[in-house]
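Report on one structure; see the data block that follows.
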Amino acid sequence: QGIANGTLVWAQGGLQRESSSLAPASTASAAPAYTPSAASSIPAYVPQESPQGPPSGPPDREPSEEPHGPSSWGPSSGSPSGWSGEGSGVDSEFPDGELSCDNFPSEYGAVSVDWIGLGGWTGVQKPGSSSGGYGDILTVTSGGGCTEGAFCSYACPPGYQKAQWPETQGVTGQSVGGVLCEGGKLRLTNHALSNKLCIPGASQVDIRVRNDMGDHVAVCRTDYPGTEGETVPLSAQPGSENPLTCPDAEAYYMWQGSHTSAQYYVNPAGVSVEDGCQWGSPENPWGNYAPLNLGVGYSNGAAWLSIFQNAPTTDVKLDFSVEIKGDGVSGTCRYSNGQYCGGANYDDCSSTTGCTVSISEGTATFVFSS
């Protein structure tokens, strides 16, 4: 859900397209109402099938529309420290049309996510027809790679985001992202935005995530535009602080003429990025079944930051606290013990409805604590 009335709107769970009508912002937040003009409204995640439809699922299934209650689940099988998340050459221009499609471009900022099974890519899409927009888009599953005619999407280091996607998008509203494999070579798809693979988020603010706990936390951004899986990882190690990319709505991807924002899935403590940052299942509360989402985006002179339940995909509650802190933050927002709270003394709470704050300049931090 998200901020209502055509403003910054965060997705519900599953494959989280930014929705134009759902709203987790509640009376629990003391942040001022955000009511930009229609020209600058931000529907952050709109379902592929229709703007009012349910979130899409991975290629071979649809997530349940019914909440899943607490279930018996064991620890994550992957190593929380097995992925470095480092990308070299992030500020280097990409040699358009020179690298082979079977060469993952890690030396130009792209971060390999090998556990997806796509040769390091976060997603691979092969459109069919292109009359009035791409149709018959094939989403390549694990075991594939970046092959001829495919758009190949990638992760960027914390603080950066993908800069490449084609002007032509899905004919029925699907998003398409990444570089294009054409003639056996990787080619840029968005020269107008950048000749690089990765670009920073909004420069007006500094949004961060800090982990004050003793356990690792996997934070996973949606690969959007693209396959829209939660495959863009941030590894929040114990005691660490990392930038959390905040897209500037005026200078980033637009969906059918509307601005978009970023959504992050927050997995339970100890779940590895290898398990948390990919499609999951109802049996375990991670991946697209992670309990909690963060919404992040900059528009109309402020960053709008939200914490909310990953509903209706799951009603499992996160096992630690999340609070937005910062000297310039307008409003209060905290999740703790299954409650989303705002208000001057955190006394306006809900177990289902999230909260939102804003900041015009300076630093705001999502703080994880026991």
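The values are calculated or read from the model by the stated rules, or taken from the named source; none is laboratory data. The structure presented is a predicted model; accordingly, all values stated were derived computationally and were not measured. A quick note on method: Cβ atoms are made from the backbone with ideal geometry, for glycine too, and the neighbour counts reach across all protein chains shown. Areas reflect the complete protein model, heavy atoms only, side chains present, ligands, DNA and RNA absent. Shrake-Rupley method; radii C 1.70, N 1.55, O 1.52, S 1.80 Å.
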TODO: Sort 137-144, 286-293, 234-241 for me by packing, meaning the mean count of neighbouring Cβ atoms within 10 Å per residue, highest on top.
DONE: 286-293, 234-241, 137-144
TODO: Mind running the shape call on region 203-271? Use the C-alpha gyration tensor, a ≥ b ≥ c as the square roots of the eigenvalues: rounded below 1.5 for a/c, prolate if a/b tops b/c, oblate otherwise.
DONE: oblate
- [ ] Compute the distance in nm between two label points, each set 7 Å from the Cα along the Cα-to-Cβ direction, one at THR352 and one at ASP327.
- [x] 4.0 nm
TODO: Calculate the length of the line joining the C-alpha centroid of region 141-167 to that of region 285-305, in whole Å.
DONE: 21 Å
Task: Hits among lysines - C-alpha to C-alpha of LYS162 under 20 Å, sequence gap 8 or more where chains match - done: LYS126, LYS185, LYS196
- [ ] Report the label-to-label distance for GLU167 and SER130 in nanometres (one decimal), using points 7 Å from each Cα along the Cα→Cβ vector.
- [x] 1.2 nm
- [ ] Run the accessible area of region 230-369 with a 1.4 Å probe and give the carbon-and-sulfur part as a rounded percent.
- [x] 43 percent
Open item on the list: Could you tell me the calculated FRET efficiency between SER240 and GLU107, based on Cβ-Cβ distance and R0 = 30 angstrom, to the nearest 0.05?
Closed with: 0.75
Open item on the list: Give the lysines reachable from LYS317 as a straight Cα distance under 22 Å; neighbours fewer than 8 places away on the same chain don't count.
Closed with: LYS325
- [ ] Could you pull out every residue, at least 5 positions away or on a different chain, whose amide H is within less than 5 Å of the one on GLY178? Hs are placed 1.01 Å off N in the peptide plane, and Pro or chain starts have none.
- [x] GLN164, TRP165
Open item on the list: For a Förster distance of 22 Å, can you work out the FRET efficiency between the beta-carbons of ASP319 and THR363, rounded to the nearest 0.05?
Closed with: 0.25
Open item on the list: For VAL329, what accessible surface area do you get with a 1.4 Å probe? Give it in Å², rounded to 10.
Closed with: 30 Å²
Task: Per-residue HN-Hα couplings for region 242-253 [Karplus 6.51, -1.76, 1.60; θ = phi - 60°; Hz; x = Gly/Pro] - done: 10, x, 10, 4, 10, x, 8, 4, 6, 10, 10, 4
- [ ] Determine the gain in length on full extension of the stretch ASN345-LEU193; use 0.36 nm per residue of separation and subtract their C-alpha separation, reporting nm with one decimal.
- [x] 50.4 nm
TODO: Report the one residue of VAL217, ALA155, VAL140 whose Cα lies farthest in the direction of the positive end of the charge dipole of region 138-217 (charges on C-beta: Lys and Arg +1, Asp and Glu -1; origin at the Cα centre).
DONE: ALA155
